[in-house]
Amino acid sequence: MNSANAGRTWRSTWFRAFTANRLELLRSGAADLVIGSDYRAGYATFPLFRFEILTVMAQKHRLQAQRRLGAADFEGETLITYPVPEERIDLIRELLRPAGVQFQRRTAELTVAILQLVASRRGVAALPNWAIKNYVDYDYVIARPIGEQGLWSDLFVSVPESLRQKAYVADFVKVIREQCAASLDGIKLLS
């Protein structure tokens, strides 16, 4: 929170959730806090949790019998993602680009829309285990791990360095961690 706004409620920037560079929101003063996997010097960063990213596919998809998916399995597939740059998508950055895999890409802004596209056989997605659990549990879609060790990502809270010592920031991070640990299956709190 900017010093001029001390004591006011946090500004909401949900409408900017798909900004190419969330940390730019902090730098410009458009946001007081961002949650993401970005971790850069110059910002106070607090660890939240680690989660596994799973491939999500329709029932009876050609890959359903595989226990785990590797890069080659995505060759020729349509990958349905959030509308963010490819370098922010772990599956593309960590697995598909290094392996030279060719794929099509389609975007949707909402997780439920991505899952509807997947269930209707318009492509596959790679989403957090905690975000898809209910859809998998009710057989709406199928999920499979990616790679031998799984594809994992970490989430952090980032704030301007000037807010590092503010008690409300520490309290906010504590509440997020507690609530996520209590309600999100398959996550691991970061130290």
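Search the range 141-167 for residues being touching a residue at least 60 places away in the same chain (Cβ under 8 Å) and part of a helix (DSSP H, G or I), and hand back the single one that is surrounded by the fewest Cβ atoms within 10 Å (Cβ to Cβ).
Going through the range 141-167, the residues touching a residue at least 60 places away in the same chain (Cβ under 8 Å) turn out to be 141-148, 150-164, 166.
Subset that is part of a helix (DSSP H, G or I): 161-163.
On the way: Glu161: 13, Ser162: 11, Leu163: 19.
Selected residue: Ser162.
Does Pro85 count as surrounded by 13 or more Cβ atoms within 10 Å (Cβ to Cβ) and either within 30 Å of Ala44 (Cα to Cα) or in contact with a Leu (Cβ under 9 Å, 6 or more places away or on another chain) (or both)? So that I can check it myself, show each step before the final result.
Values: surrounded by 13 or more Cβ atoms within 10 Å (Cβ to Cβ): no; either within 30 Å of Ala44 (Cα to Cα) or in contact with a Leu (Cβ under 9 Å, 6 or more places away or on another chain) (or both): yes.
No, not satisfied.
Among the residues that make up the range 42-49, is at least one of them under 22 Å from Ile146 (Cβ atoms), at pLDDT 95 or above and out of contact with any Gly (no Cβ under 9 Å at 6 or more places or on another chain)?
Step one: of the range 42-49, the residues under 22 Å from Ile146 (Cβ atoms) are 48-49.
Filter once more, keeping what is at pLDDT 95 or above: 48-49.
Narrowing further to those that are out of contact with any Gly (no Cβ under 9 Å at 6 or more places or on another chain): 48-49.
Yes: one or more hits.
Can you tell me which residues in the range 112-140 are assigned to a loop (DSSP other than H, G, I, E, B), crowded, with 16+ Cβ neighbours inside 10 Å and aromatic (Phe, Trp, Tyr)?
Restricting attention to the range 112-140, the residues satisfying the condition of being assigned to a loop (DSSP other than H, G, I, E, B) are 120-123, 138-140.
Restricting the remaining residues to those that are crowded, with 16+ Cβ neighbours inside 10 Å gives 123, 140.
Hit for the range 112-140 is Tyr140, nothing else.
Step by step: first the residues of the range 14-40, then only those that are surrounded by 15 or more Cβ atoms within 10 Å (Cβ to Cβ) and farther than 19 Å from Asp154 by Cβ, then the one that is modelled with the lowest pLDDT. Which residue is that?
Thr19
With Gly100, Gly123 as the choices, which residue is more than 24 Å from Arg50 (Cβ to Cβ), in contact with a strand residue (DSSP E or B) (Cβ under 7 Å, 6 or more places away or on another chain) and in the same structural domain as Ala71 (by TED's automatic domain parsing)?
Numbers: Gly100 fails: in contact with a strand residue (DSSP E or B) (Cβ under 7 Å, 6 or more places away or on another chain).
Going through Gly100, Gly123 in turn, the sole match is Gly123.
For the range 98-111, indicate whether the set of residues that are basic (Lys, Arg), farther than 19 Å from Leu155 by Cα, in a strand (DSSP E or B) and modelled with pLDDT of 95 or more is non-empty.
yes
The values are calculated or read from the model by the stated rules, or taken from the named source; none is laboratory data. Bear in mind that the values here come from a model prediction, so they are computed numbers and not experimental data. As a convention, Cβ positions derive from the backbone with ideal geometry for all residues, glycine included, and neighbour counts pool all protein chains shown.
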